[in-house]
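The values are calculated or read from the model by the stated rules, or taken from the named source; none is laboratory data. This is a predicted model, so every value here is computed, not measured. A quick note on method: Cβ atoms are made from the backbone with ideal geometry, for glycine too, and the neighbour counts reach across all protein chains shown. Keep in mind that these areas ignore ligands, DNA and RNA; they rest on the heavy atoms of the full protein, side chains included. Shrake-Rupley method; radii C 1.70, N 1.55, O 1.52, S 1.80 Å.
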Amino acid sequence: MSVSRPRAVRVLVAALACAAATVPAGCGIEPSDVIDAGAPASGVKAPGRPETGVQLFFYGPSGLRSATRPAKAPADPQTALDLLLDGPDHAERQRGLSSALPSPSGPLRARADEGRVDIELPVPPKKLDTAALSQLVCTAANAKVPGGHPPSSVRVTLTGSGSRVGPMICGGDTALPVVQPSSVATPP
């Protein structure tokens, strides 16, 4: 039995009209008021709020790169530097990150004060290359330092075995010396 085209079109239009008529009904689901279901979701980052984590600095194919590890609370410089000395984790190594820091020959101590961090190393800091210094300075400056200063203004000084380097700041992708204004008067 063959159905003529006009009849087939009418059947199709009728079927679509029927389907369209039942869609707004919501398949029999009645609207309801807001239902209190308990506490809000946890573990989800709230919009506009920074994620809590420890920011460490390692080297990748294109220079110094940050790696953020989850944490329950912001880390102080000592905690952040201890994590840095452990080296990149598996996921960070998969991203091509590595450390320029030599294996520590003793403990590293960090003391934080208003807008500054003093790091005592088991080696003379002058023996460290720019890459290692940058990792230490940027990791310490991006930790929780008293005073609420932005990382780019936190002054980091490194001492060890009778030598001193700094103060330095983290310039985003490298450690930079703090330039002090000259006290020498220029002739008029």
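Quick notes
- Estimated inter-spin distance, Ser62 and Lys126, nm [label 7 Å along Cα→Cβ]: 3.6 nm
- Sequence ranges 72-79, 147-154, 86-93, 134-141, ranked by mean other-Cβ count within 10 angstrom, highest first: 134-141, 72-79, 147-154, 86-93
- Once the 1.4 Å probe is applied to the protein heavy atoms, region 60-188 comes out at 57 Å² accessible per residue.
- Between Met168 and Val156, Thr157, Val178, the built amide H atoms are under 5 Å apart, and every one of these is 5 or more places off in sequence or on another chain.
- Across region 52-69, computed HN-Hα scalar couplings (Karplus, 6.51 cos²θ - 1.76 cosθ + 1.60, θ = phi - 60°) run 7, x, 9, 9, 10, 10, 10, 9, x, x, 10, x, 5, 9, 8, 9, 9, 9 Hz from first to last residue, x flagging Gly and Pro.
- The slack in the chain from Thr79 to Asp173, taken as 0.36 nm per residue of separation less the alpha-carbon distance, amounts to 31.7 nm.
- Of all accessible heavy-atom area on region 99-174, the percent that carbon and sulfur account for (1.4 Å): 49 percent
- Couplings 3J(HN,Hα) of region 73-83, computed from phi: 8, x, 8, 6, x, 4, 4, 4, 5, 4, 5 Hz, in residue order, whole Hz [Karplus 6.51 cos²θ - 1.76 cosθ + 1.60, θ = phi - 60°; x for Gly and Pro].
- Residues whose amide H lies under 5 Å from that of Thr174, counting only those 5 or more places away or on a different chain, are absent; hydrogens are built 1.01 Å from N in the peptide plane.
- Here the Karplus curve 6.51 cos²θ - 1.76 cosθ + 1.60, taken at θ = phi - 60°, turns the phi angles of region 87-101 into couplings of x, x, 7, 4, 5, 5, 5, 5, 7, x, 8, 9, 10, 9, 6 Hz, with x standing for Gly and Pro.
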